[in-house]
Amino acid sequence: MKSKIDEVVTDNNLNSMAGNRSYMRGLEYFLNGAVKNFYCDGEQLTADVCGTQVYRARITNDNGRLNGECSCPVGRDGDFCKHLVALGLTYLYKQEEELGKKNKSTFSWKEFLQKCDKEELIKIILEMSPNNAAVVERYRMANLPSSPNVKQRELESKVDELISLAEDMEHFDDYWEYEEDNSDELFDEQSELLLKVLEQLAIQEEFKLLFGITTYAIGNCLDSSSSELVPVREFVNGVIEYFLKAVHALPKSNDKVFNLFLEWEGKGENFGYDIISGILGELPVEIREKWAVGALEKWRSYPPCKLGDSSYNRERSYVERHLLVWANEQKNDRLKLEILEKKMQCAGDVVDLAREYQRQDMQAKVLPLLKKAYKELGGDTAITDLLAEELQKTGNDGEALALAWEEFTKEPMQDTALNRLQAVSSKMKCWNEYYQKALDLLEEQDKKDSKRTSGSFYPYHDSVRQRRVEVLFTHGDQLAAWNLAQGSNLSEEWWLKLAAWRSKEVPKEAASILMQLLDAALRPTGEDAYSHVIQLLQVYRKYLKMANCEAEFSDYCAKIRQKHKRRRLLMEQMDAAKL
């Protein structure tokens, strides 16, 4: 007699509800063993399906109609997703497995095929091919025609197909649709097939053909607006590897390559500078020399940058970056300095220029540069650190200390500000004094925050308190940090640090901290939340064992099992961890 689930879970229904593409992806998930914790009671099917993360899937019979729910974006949007397909196929497989055990069928597909003649095998394969397009394509790409011209046309057609797939990805920028479309996974699968062909061409030293197809692929990707997508860039980077092999194997093509590269460079604004940057650095020296001559002429037409100007020019950034590499290789310090002084725009540029002044023994220029940048860029961390360091180098210790203290009072919650204060004051042998001043300032801020938030909901009201605990603990005052933390609302990370320290002397107190963390950790549900609970339980058991109170741990686990017995995943994880 059929159960309610048997009535609706059929292969045809799954395909009809999901559509062919999602059905095929669900089939792949099923075949790869993505379905975990499968459960069926005749009324419903449930399981965890491992996709980009673990999703909870459920199938029911809704008045004779197949119905599914899944925690993935597509499922939450009300559609029948690939995870539900995988769940349904798992059920059908298990049903067939049970039926097979009962009927003890002696039919063997493998043995049947071995007995078929050639014509019968061809017929079977042709019947199955429409539902196995990916398999057919894999064999097609592995058995291309031997004629170079025909082979190139076939491979160019493959590139066109990939560009089309990339454009499909670009259209699905909404997460829900992106998850359903799966065009990124299809793009990865198909681009891998082409890269394998390129690898074979390189092994067989068919460099002329390799050059032709790689230049076609790179040029077309640069023409496409989808070139900024991560899967496309990864594919192009793979193509570039084989393009460069062909270039170095065909030295007589240098002029052609140079003109081709300039053509690609003209397309750089379409997110292409990152792509061609990976090519330029690996081109033969003769080509790069010709490029540097033209690039240097173009660079000299650029106006000097203004410090703090937030505008960004892709072409200029690309040209300056590679000219700096060229100047380094040529040991042309003058050119390098010219470029750095002209491109000075942001904090990173200032630091680079200051370091170059130092390297070229132009020490007198460093301090004025850093003071100007500190004033105009609002105290950037890297510039402030370098300025404090330079002030002390030039004997301005008092000015360096005043700078470090001023920056700490502005940003007392930042490690960088405190670390800078420690570095400067330690050199002046007054760190202890400024460490106490820092603690006093934080305590004063803590009191102000406590008054402001008293009697009202303010989720971050203990942030300054935690900062005080961090500073005390990090600088060796662990007992003071522990005492200050009591009754405070600290992050779990810091409670765990404090508990680990306390467990060495009073493990029972450390265990009490873990119990409080567990009470909070048991509120949310889901596999990740339960995994976190298991981790905390193991630490809790460790501290109770250190305190010779292991019986308390068994009692606590028993209470969890009693209170949360309906949380099947939690119970399973506790069983697996033997808790």
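The values are calculated or read from the model by the stated rules, or taken from the named source; none is laboratory data. Note that the structure is predicted; figures quoted are calculated from it, not measured. As a convention, Cβ positions derive from the backbone with ideal geometry for all residues, glycine included, and neighbour counts pool all protein chains shown.
If you check Ala500, Ala480, which single one turns out to be over 37 Å from the mean Cα position of the chain (by Cα), at pLDDT 95 or above and surrounded by 14 or more Cβ atoms within 10 Å (Cβ to Cβ)?
Of the residues listed, the single one that is over 37 Å from the mean Cα position of the chain (by Cα), at pLDDT 95 or above and surrounded by 14 or more Cβ atoms within 10 Å (Cβ to Cβ) is Ala480.
Can you tell me which of Thr90, Thr60 is more than 14 Å from Asp11 (Cα to Cα), at pLDDT 90 or above and not aromatic (Phe, Trp, Tyr)?
Answer to the selection: Thr60.
In segment 61-78, which residue that is in contact (Cβ under 8 Å) with a residue 24 or more places away in the chain and buried (at least 17 other Cβ atoms within 10 Å of the Cβ) is farthest from the chain's Cα centre (by Cα)?
Step by step, filter segment 61-78, then rank; the result is Asn61.
Just one of Leu121, Leu155 is of a type outside the set (Val, Ile, Thr) and closer than 22 Å to Gly212 by Cα; which is it?
Criteria check complete, one pass: Leu155.
Would you pick out the residues in segment 179-238 that are among the polar types (S, T, N, Q) and modelled with pLDDT of 85 or more?
Gln190, Ser191, Gln200, Gln204, Thr214, Thr215, Asn220, Asn237
Of all the residues that make up segment 390-431, how many are of a type in the set (D, E, K, R) and under 35 Å from the mean Cα position of the chain (by Cα)?
The qualifying residues number 5.
Can you tell me which residue within segment 553-567, out of those that are free of Cβ contacts under 8 Å to residues at least 12 places away in the same chain and part of a helix (DSSP H, G or I), is farthest from the chain's Cα centre (by Cα)?
Asp555
Looking at segment 292-300, is at least one residue on the phi < 0 side of the Ramachandran plot and in contact (Cβ under 8 Å) with a residue 40 or more places away in the chain?
Yes, some residue in segment 292-300 is on the phi < 0 side of the Ramachandran plot and in contact (Cβ under 8 Å) with a residue 40 or more places away in the chain.
For segment 1-43, which positions are within 22 Å of Gly526 (Cα to Cα) and part of a loop (DSSP other than H, G, I, E, B)?
The answer is Gly33, Ala34, Asp41.
Taking the conditions exactly as written (basic (Lys, Arg) and touching a residue at least 24 places away in the same chain (Cβ under 8 Å)), does Arg541 satisfy them or not?
Considered against the rule, which asks whether it is basic (Lys, Arg) and touching a residue at least 24 places away in the same chain (Cβ under 8 Å), Arg541 comes out as yes.
With respect to the numbered conditions (1) small (Gly, Ala, Ser); (2) touching a Lys or Arg at 6+ places or on another chain (Cβ under 7 Å); (3) surrounded by fewer than 16 Cβ atoms within 10 Å (Cβ to Cβ), which one is the sole condition not fulfilled by Gly526?
(2)
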